[in-house]
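Reading through the structure tokens given below for one structure.
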Amino acid sequence: MIRDDIKTATVTAMKGGDKETTATLRLVSAAIKNRDIEVRTGGTPASDDQLVTEVLQKMVKQRRESADIYRKNGREDRAATEEAEIAVIERFLPQQLGEAEAEAKIREIVAETGASSMKDMGRVMALVKERLGGAIEPARASALVKAALSA
């Protein structure tokens, strides 16, 4: 399970004296605990790994946005810190699909559902999320689905 891998990596980083990695992994653990609390009141996800993957993807997205903002404002040092955190977080995400493979799988799903317009995007995205899950970032999947439905 991804959650166990994160705990093990946190202990290893602490023992190794890697303060940056330890801090990032503690942030990840806190975000996962917050998500666990949110899930208690709502519906439970299909699996624990799915929940953790969603949290990790959200954290990566937030850090990418922050790094872009820091770069635009001339804060290269802060952007580098955000990117270092991204590298630590991405170690625990499932292997991402390549561009060609992702496009092919999405076109396959579009053909299977018979989607023909942007009105069908919700149905297609639901299947993409179900089948591809953590193998593709939601924003990237959305862009590929829009491109497939526009073609």
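The values are calculated or read from the model by the stated rules, or taken from the named source; none is laboratory data. Keep in mind the model is a prediction, meaning the values are calculated, not measured. Backbone-built Cβ (ideal geometry, glycine too); neighbour counts: all protein chains shown. In case anyone asks, the SASA skips ligands and DNA or RNA and just uses the protein heavy atoms, side chains included. Shrake-Rupley method; radii C 1.70, N 1.55, O 1.52, S 1.80 Å.
All Cα-Cα distances of the chain, cut into 10 Å bins from zero to the largest, leave 10, 32, 32, 21, 5, 0 percent in each bin in turn. The longest stretch of the chain left intact once loop-based trypsin sites (Lys or Arg not before Pro) with at most 16 other Cβ atoms within 10 Å are removed from consideration, loops following DSSP, is 1-74.
The accessible area of MET14, taken with all protein chains in place and a 1.4 Å probe, comes to roughly 100 Å². Accessible surface computed residue by residue for the chain, with neighbouring protein chains in place and a 1.4 Å probe, gives 61 Å² per residue. Of the accessible area of the stretch 1-125, computed with a 1.4 Å probe over protein heavy atoms only, carbon and sulfur atoms account for 52 percent.
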